[in-house]
Structure formats: C-alpha cells, structure tokens
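We did not get these values from a lab; they are worked out from the coordinates using the rules stated. Quantities reported herein were computed from a predicted structural model and do not represent experimental measurements. Using ideal geometry, Cβ is built from the backbone for each residue, glycine included, and neighbour counts are taken over all protein chains shown.
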Amino acid sequence: MSEVYVNGYFVGEHDSPLELIKALLEKRRKNQLPSTMNVAYHEDKDEVQVNIDAGRVRRPLIVVENGKPLMTEEMESKLEKREMSWDEVLKKNIVEYLDADEEENAYIAVSRKEVTPEHTHIELDSSLILGVAASVLVFPEKNRGDRLNYGSRMAVQAIGIPLQNFLQRDDTTYNVLVYPQVPLVKTDSMEAVGLESHPSGHNLVVAVSTFYGYNVEDALIINKASLDRGLGRSVAYRSFVTEFRRYWGGQEDMACIPDPSVKGYRSEEDYDMLDEQGIIEVESSVPEQGVIVGKISPLRFLGISKEIKMGLQNFRDNSLTISSGNSGIVEKVILTSDAEGNKIVSAVVRDTKTPEVGDKMATRHGQKGVIGLVVPEEDMPFTADGIVPDIIVNPHAIPSRMTVGQLLEIIAGKVGALAAKRINGTVFKGEEEKIRAALKYMGFRDDGKETLYNGVTGEKMEAPILTGITYYYRLYHLVSKKIHARSKGPVALMTKQPTEGRSKEGGLRLGEMEKDCFIAHGAPITLKERFGSDKVSIPVCKDCGVIAIEDHIKNRTYCPLCKNDVIVNVEMSYAFKLMLDELRSLLIYPQIVPESS
Amino acid sequence: MGANCSIFEVGVIIMDESVIQNVLGLYEEKIDSLDISPKEKTALKLSLKDRYAKMRYDPGDAVGVVAAQSISEPATQTTLRSYHRAAGAGLNITQGLPRILEIFDARKVPVTPSMKIYLKKEYNNKDKAVEIASSIKETDLKHIMVMDSLDLANMALEVELDKGIIKQFNIIPDKIISAVKRKVKNVNASVDGNKLIFEIKKDKVTIKDLQALRFKLRDVHVKGIKGITHCIVERVGDEYVLYTLGSNLMKVSKIEGIDTSRLCSNNMFEIAEVLGIEAARNTLVMEIIETLRAQGVDTDVRHLLLVADAMTQSGEIQPIGRYGLSGSKSSVLARANFEETIRHLTDAAVYGLSDDLNGIVENVMIGKTAKVGTGLVDIAMKTQKKEKPKKVAETKE
Ligand SMILES: [Zn+2]
C-alpha cells in the first residue's frame, strides 16, 4: 500500500501507485484535471505526491507518446510564423509543464534524434537544459562542469549595463561599462534573457603566452593602448542623500553656505563649489570628503555655556560630504521630499574607473584573473598582420582546468571578427569543424595559432602562439575599492582599540588563532606588542585594589574608598579595565593586588 | 622540559647525558655496521647527538598549543568521512571526526563500542573460533525461533525453535526454559519436539496477557554476552581474530581460549575499569592514532601522547572541554575566557578567589607578557645592597 499525499497532506492509500499516476495524468491530458497539477511517485518512500499548490518551479516540455513527439516539425514552423499560438499548444497538451517532483519520474530526451519509445518527454530546445544564469556560457559542452558553475557565477559580477534607465536613477551604487560590446560568440538564449540589450563585456584580442612571467598565477597582461582606447572602462555612480528635518520649537535644518560663526565650520574653500542655496553645482569635481550639500542644524544641547549665543551661533555645521575613499564629478542633484514633507537632497557622484593593476577580469569559462602588468603597446608582441593583443593570458591556466571551450571561443571569435558575423556557441550547437575550416579558408592556421614577433626586440618568436578573440568581463571587484593599510588611526570610543573595517580606516584584527601561533612560536613579547594597542596606565589603590581617582584640578590622586593616596600605576590593556568596570556592574568587586616591590 | 633538565642559577640548561646516551645506544650498532671509516662513524655519531639535542623542545616551548595545532590543522584539511567499513566483513565502526570528538570528549560509552579478540594458540582454528564467536554473541529467543503463535484453544503460547540453529549452537531447550523462568514469573513451560509451549499460571488468561508474554519472551536472553550484538571471525595473517560490535571486557576475558593479554576494546572507560588507567592511556593513544591514520593524517605520536597524558593524569579519564581539562584550570580568568564566563566570574566572587596571572590566557587578557617562550626568562641582576646584619635574627632564635 503506498501512501497518497495532496499538497503535502496525507489523504489515503492506494494499492497500485503507478496505475493511479497513469490515470491522473490521462485525466490531466484530457483537460479533466487542472494543467497546474503535477503527480510524482517516490519509489524509495513508496508514496504518491500530488501537487496543485502555488510556488513550485515548473518548466515546459514536449510530450512524447509511443516514441513520437506530439509537437511535429510542421507545428514548430507554424509557431515560429505565429500561425499557431502557445495557448493552443498548451490546450492540446502538446507541451506540458513539469515541476521538480514530476520531472524525477520523466525520461526526457534532449534532441529529436534520440527519442525512443521509453521517453516520456523531449526538451523544447536542447539548450534549455541550462538555466538563465548558465545560458550565457559558450561551448559549455566542451568544458568541465565546475568551470561552467564558476563561469555563470562570475557573469553575475560583471560590470555592464545593468538597466537602461540608469541615467534617471539614484541608487546608492551602480557601475556602468562605458563601451559595452555584444559578444562575437553568442548563444541562442542570450536574446531571450535580454543580454543582447544589456551587454556586459568586451571582445578582446587574446594571445596565450607567458610574456616574461608577469602573468603567472592567473594574472593578465594588458595593453596600455587598449586601456586608453576604453577597454574595460566603467563609471561608478554613487548617491549621497541628506534629509532636512524639523525639530521641536519650530527649529529646522537649513540648506545654505554655512556662516563662519556656525559651530564646526570647515573652511571657506570647502564650501567653494556650493551655489547660493548651499547645493553643489552639477558637473563640479568633488574631492574625497568634500562637501556636497551645505546644511546647518540647531545645536542639540543648550545651556552649558555661560555666554548667550545669538542667531546663527545656535547652529552647527551638518553638511553632507562624500564618504572617505570616494571622489568624483557630480552627475545630477535630485530635490524631493519624503512622506512627512521633509526636504530631501540626493546627489549622484560619478567616477570613471579605468582598469589598473589588481582589477579582476574573467572569461565565460570560469577563467578569472587579476591584471598583473600594463604594457605599452610598442612593447607588446604583434602578429605578421600587425595585430597587437589586448590581453596576454598564461598558458598554464588551461591544462589543469581543461577549459577546451575557451580555446574554441578564441578561434570562433577570430572567425567572427574576420568574417564580420557572429558565431553561435550554444550548447550542442557549436560547430567546431566548420569554425576551423572557415579560419583555414581565410588564410590562417586552423588551430588559431600565429607567429608573433617580440615587441621589444622585433625578433620572431620561436613557437606559434594561439591568438584570437575572447569575450572578457570586467568584474565588480576593483582594487581601488579594496586597497587598505593602516599604521596609526582612529580608535573605538569604548574599548580604545583600533576601529575595524576599511571604511573606518581600521586595522586588521590579530585574532584568537593568530595569538595561538605566536605562543606556539614562543614569542609572547611580540604578541604583547601586537596586543598593546589599547595599553593604559591605571592608578590603583595599594590597600584596597580599587581604581583610584585622578583629580587634575587639585592635582591629587586618591582612592575613592579609603581616601588615602598610596597609589601605584598599573599598566594593563584598556579592554581589561573595561571588563573590571563591567564586573562591578555585575556586583562583583574585583581587586588588583599590585606586586609588592 | 621535564625531569631530565636542570636549570642552573646562571640559566644554562644542561640535558642529562644519559638520555642522549640511551638514544645513541639505539643507533650505535647500526652505525657500527655501516661500511664507512671509523672517522666518519664518530662524525656521524656526533652529528646524531647534535641533531637529537636540537630536536628536543626547549624549556618554555608551548608544547600544548603545538600539539593542539598539530592535531586540529590536518584534521580540517581532510574530509573526515564519518563512516568507514572496518574489519572487512561489515562492522560499521564510527570513524573520522565524530570518533575523534567522542574520544576527546571522553564519552562514557562510544557510539559503536567494539572489541578485538585474539585467541590462544591451541584455539586458533576456524571451528574453535566460530564456536567462541557464537558463545560471545548475544542470542535472544527471537534469534533462534522460527515463529511464535498464540494457541487460543488452550490459551497458550507456542514458540517454534529453529532446528538448525539449535543444533549448530548446541542449545538445550530446557536451558531456554530456565532462562525464560528467570525473567518471567508465573509461567508453565513444556517441550514438544522443537516447540516450546508456555502457559500463564492465572485463573482467567486473556489474549492481552498472552500477547504481552509473547513480546516479553522474544527478548529473553538465551546465550552469549549481553550487549555484544555482532561477532565476526576474520583471518588476519595466520591467526583468527574476532571483531565484535558491543563491548564487555570483563565477561569476554573469562571465556576460555581467549588471549587476554592481547584483548582490547575501544571503550577506554571499560579499559580503565578493568585494566587500569595506564592501559586506558594506551588505548586512548591507539584509538586517536588509528582514527587519524585512517583519514591520512600524519600527526606525530608525541603530540597525541601529550594529550593522552593530560587526559589521564588525574587517575581517571578527563574530557577536554567545559567539564574536563579546560574547566578545571586553576586560573579564574582562563576559565572565564573559555566558556560559561559569567558563572566562573560570579563563583570567583562568591568564594573570593584570586588569580596569580601565571597562565598564558590571563596575561594576554590583561596585556602582560605571558610566561612562555622568550617570556619565560627574565634578566636577573644582583644589585649591590647593603646586607642586613643577620645577627639580630639569629639571636632571637
Ligand atoms: Zn583604597
């Protein structure tokens, strides 16, 4: 007896589950049951799962009956000419949607050729075995599986044209590629996905060579002149927002060029680029931490100071500045208001990012690397035709990763460029022989190799070198946004230890496990030096071990408990002093017993 | 460090010559048998002595941290698959990371207790081995019966025994009945061929009673050692070795024909109880080493010896962790740093404990130089003070 579940709820048992499924499917195909219903039999658990609820991912497949696909080739051409509608196909149950469960019971053929009587379904198109993310890959059937995984994951990080209305938007950050190109080697599904109108890379001339070893460990050598021509150039947009609030007593934030009498006034040139309303002029260049919007807010705490303040003296400077590590040119300024009617100013700053040493680039075959050297064009190798590669990749990147598809893309791209047409690299549809033959026809070696000449000496290189065109992504990871070092800098208020994180100019934490390493090496003095960032000298009462009070006015240090001044200074980390304070809040009375010396 | 070093006042560490001589003695013969000139031989011995002295840990070396890192770093590198077939025939003994955790946590009973049983020479043949195996393996009534059924006409329970098994293991039906009577009271039993018939001594016997009896009888222990669910005979070299699932050292060692000197179990607590703490320490080392080696981890034994020593030095097996070694450190701050911070601190407050700041963690916490490695030594300089007249003290005595 197998159990039967509908939408995950147990409804009963059945003697012959396979017949039950067959009957249900027949009814569905006769439109007596909803087409959204999917049925599956789990042999291992001996249960039937019927699902008609929402939220299941389903995909269309052509039904095969007795070894014959219900969709004839004639129908396909009719569909293409729009003489037949998709609804009709669905209504006639020529195509049905399967969910993940039912797919487990189906036997799906990839192409028409391989259909046998055992098959239950056939793919609409062989390339549909790949999902949206993997549909950008070219010649995937020639690569190892993990490379496809990496490749499609990196395609997501590519800088391109994310949205076509980016000029109208003011998102916090977005990157746009300056001269995006559509790939020479394309796939069928790219258009359907929208990648033809949102391209995200460049077709680059690639030479597979070593070039003095500057591209070891997956580095890339890049042509300086190509960079000057705009290779991989992108614009990073970043918006900065400020809100003008209203406070109790009719006070409110004001946009203006702050008056020098305002508390926290910067300097005259800091407000140079603001117009009379205190808002920056469009197309002005803002330096790091430069002011975008001049804003003054009423002082939060009044009354401590003895003198009476007048007018603007009761305000403090609260201007909007660019956060540290950012600079650029103001693209646009948006004035609007929020739901409560508070004024909002948002300024979008643009910064052009030219690829530099350390930036990351990748192909569609999971071959990523960082730029290792930028070489002047005159020093780059060149072919007999005078073609100078944009990029030189290291040959060691290929054998261990077995990305044969990349080699084929280099050749296919070359053919595409020479013949001025785009080559199809869809799964199972790439035609290697044809591509090679075409290259040979155009007067090149059919393996894509060419004789290169040393750019410095002009000597002919001994070995022929694979040269062709590959589509390269520029990935979002830019060194300029990651590079970070610190020798001295800000500390956290509470712990007196260095701040954490690049944005706060922080240090790099030496953690618990690193500490263990220093101890294992027997170097506790080095360790003390590393951990000494929050070192303080605390006055402690010698009698009761309590932290003493330093009275600078009376110039006296005394114990708060026994009032005497037998005090010793004890050196400790501030974090420990903080812990002692926290212990006191737990009603624990920790005493420091100074070594009697 | 250790018993063989002595620290002189000047701070020079002299290694006990005898230790080096002992080690050299092991290789002396080998060096002497080499086909090299006597000059080269002495040079070799000297360099061996030198290397040996260099390889020793220096005073102040953090051996514990090094041991911990030497075990845990390679352990993260391997996948440490948890199931691995041991003993060929298919006993599933816990392996890999779960087993390592089990050992270091010193769980009282391992998930899969197991024994390795060697036989005495005169018992070392296949028939005897199988016989011993069958006498070790726990056999319940349910293992030796074909079926049990209710005889509703006579309100009795019929148990049909498996002829083959009974014959093979030489089980006498009367023995079964006495075993049943030991477990279940108020039952009359009789033998009818290879059927056993049980009746309940009661006026009104219901079907419910019979059913209850039926399930009770199935678990009646007939033969073998309780807890040992499997026993497999395997040929290792020219010997027959028994592998078991389930462990009972005490009872197994009483069975005749077993080589008790080589009998071992993977349950260290049982070993500690039966054979003493030293044996348990050895088991501990062997178990860790076997588990690590099975995963291809090549950690030096000496690290494991150190851990095993630390775990057994109190005379009983202590786990590493909250309720074991880390939880029993003498320093309040070190304990608070590890786990259950607040409990340790409040307890220290209640009992008025003090911390002498001798350990490493404490000193790292307060920002002082920890007393390990280069921090162990200090410059000691005699300042020329005027010596106090000692006469006063002497006269007072
Ligand atoms: Zn005091």
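Relative to the current alpha-carbon distance between residue A:164 and residue A:26, full extension at 0.36 nm per residue lengthens the span by 45.0 nm.
Here the residues B:228, A:222, ranked from fewest to most Cβ neighbours within 10 Å of their Cβ, fall in the order B:228, A:222.
For chain B, the Cβ-based charge dipole about the Cα centre amounts to some 820 debye (Lys, Arg positive; Asp, Glu negative; other atoms uncharged). When restricted to Cα atoms, the stretch A:65-162 yields an Rg and a Dmax of 16.6, 49 Å, respectively.
Using the Cβ-Cβ distance between residue B:346 and residue A:554 with R0 = 35 Å, the FRET efficiency computed as 1/(1 + (r/R0)^6) comes to roughly 0.40. For the stretch A:70-113 versus the stretch B:263-320, the inter-centroid distance based on Cα atoms is 65 Å.
Taking a virtual spin label 7 Å from the Cα of residue A:582 along the C-beta vector, which residues in the stretch B:334-376 bring their backbone nitrogen under 13 Å of it? Counting backbone N atoms under 13 Å from the label point, the list is B:336-338, B:340-343, B:345.
Charge dipole (Cα centre; +1 on Lys/Arg Cβ, -1 on Asp/Glu Cβ; no other charges) of the stretch A:533-585 amounts to roughly 140 debye.
Taken over the stretch A:533-585, the alpha-carbon convex hull comes to 84 cubic angstrom per residue.
Kindly state, to the nearest 0.05, the FRET efficiency for residue B:109 paired with residue A:479, given R0 = 41 Å and r defined as their beta-carbon distance. FRET efficiency, residue B:109 to residue A:479: 0.15.
If I fit a long axis through the Cα atoms of helix A:145-155 and take the longest principal axis of the Cα atoms of chain A, what angle between them do I get, 0 to 90°, rounded to 10? The two axes meet at around 60 degrees.
From least to most packed, judged by other beta carbons within 10 angstrom and beginning with the fewest, A:473, B:243 follow the order B:243, A:473.
Close amide-amide hydrogen proximity is noted between residue A:321 and A:292, each under 5 Å apart and 5 or more residues distant or on a separate chain (H modeled in the peptide plane; Pro and chain starts excluded).
All other residues with a Cβ under 13 Å from the Cβ of residue A:586 taken together, and with Lys, Arg as +1 and Asp, Glu as -1, what is their net charge?
-1
Quick note on the stretch A:1-126: its Rg to Rh ratio, both from C-alpha atoms and Rh being the Kirkwood radius, is 1.00. Annotation for residue B:37 and residue A:563: the two label points, set 7 Å from Cα along the Cα-Cβ direction, are 9.0 nm apart.
Take the residue pairs B:41/B:371; A:186/A:360; A:142/A:360 and return only those whose Cα atoms are more than 30 Å apart. From B:41/B:371; A:186/A:360; A:142/A:360, over 30 Å: B:41/B:371. Computed from point charges on the beta carbon alone (+1 for Lys and Arg, -1 for Asp and Glu), the dipole magnitude for chain A about its Cα centre is near 1160 Debye.
Here the average projected area of the convex hull drawn through the C-alpha atoms of the protein assembly as shown stands at 77.2 nm². Here the calculated FRET efficiency for residue B:154 and residue A:146, from their Cβ-Cβ distance with R0 = 60 Å, stands at 0.25, rounded to the nearest 0.05. What the Cα atoms of the stretch A:235-352 give is an Rg and a Dmax of 15.1, 52 Å. The slack in the chain from residue A:313 to residue A:86, taken as 0.36 nm per residue of separation less the alpha-carbon distance, amounts to 74.5 nm.
Over the residues of chain A, the helix contribution to mean residue ellipticity at 222 nm works out to -5000 deg cm²/dmol, using -39500 (n - 2.57) for each DSSP H run of at least 4.
Where the centroid of each part is defined by its Cα atoms, how far is the stretch A:443-520 from the stretch B:176-241 in Å? First find each Cα centre; the distance between them is then 73 Å.
Just so you know, the Rg over Rh for the stretch B:253-304 is 1.06, from Cα atoms, with Rh as the Kirkwood radius. Here the label points at residue B:254 and residue A:76, each 7 Å from Cα along the C-beta direction, are separated by 8.1 nm in the simple model. Counting Cα-Cα pairs of the stretch A:430-489 in 5 Å increments starting at 0 gives whole-percent bin shares of 4, 12, 12, 14, 11, 10, 10, 9, 6, 5, 3, 2, 1. In the stretch B:353-380, which residues have a backbone nitrogen under 18 Å from the label point lying 7 Å from residue A:526's Cα in the Cα-to-Cβ direction? Under 18 Å, as judged by backbone N against the label point of residue A:526, lie B:364, B:368-377 of the stretch B:353-380.
By the rule of a C-alpha distance below 19 Å, with chain neighbours fewer than 8 residues away ignored, the aspartates and glutamates paired with residue A:332 are A:170, A:171, A:243, A:272, A:275, A:276, A:281, A:283, A:288, A:351.
Structural size metrics of the stretch A:219-260, computed from C-alpha coordinates, are Rg and Dmax of 22.9, 64 Å. For the pair residue A:440 and residue A:494 in one chain, pulling the backbone fully straight at 0.36 nm per residue adds 12.3 nm over the alpha carbon distance.
Straight Cα distances below 27 angstrom link residue A:263 to the lysines A:295, A:306, A:309, A:343, A:496, A:504, with same-chain residues fewer than 8 positions distant left out.
Within the stretch A:270-418, all pairs of alpha-carbon atoms sorted by distance into 5 Å bins from zero give the percentages 2, 7, 11, 11, 10, 9, 7, 7, 8, 7, 6, 5, 3, 3, 2, 1, 0. With the simple spin-label model, which puts each label point 7 Å out from Cα in the Cβ direction, the residue A:178 to residue A:420 separation comes to 2.7 nm.
Quick one: which of B:108/B:226; B:116/B:142; A:353/A:449 span more than 23 angstrom between C-alpha atoms?
B:116/B:142; A:353/A:449
Computed 3J(HN,Hα) for the stretch B:242-252, one whole-Hz value per residue from the Karplus formula 6.51 cos²θ - 1.76 cosθ + 1.60 where θ = phi - 60°, is 9, 10, 10, 10, x, 9, 8, 4, 4, 6, 5, glycine and proline marked x. With 27 Å as the limit on Cα-Cα distance, the pairs of B:137/B:181; B:175/B:202; B:185/B:223 all stay inside it.
Between the helical axis of A:17-29 and the longest alpha-carbon principal axis of chain A there is an angle of about 80 degrees. Each principal axis of the Cα cloud of the stretch B:284-363 was taken in turn, and the coordinate range along them, longest first, works out to 47, 26, 20 Å.
Distance from the alpha carbon centroid of the stretch A:537-593 to that of the stretch A:312-353 works out to 46 angstrom.
When each of A:552, B:344, A:202 is scored by the number of other beta-carbon atoms lying within 10 Å, the sequence from fewest to most is A:552, B:344, A:202.
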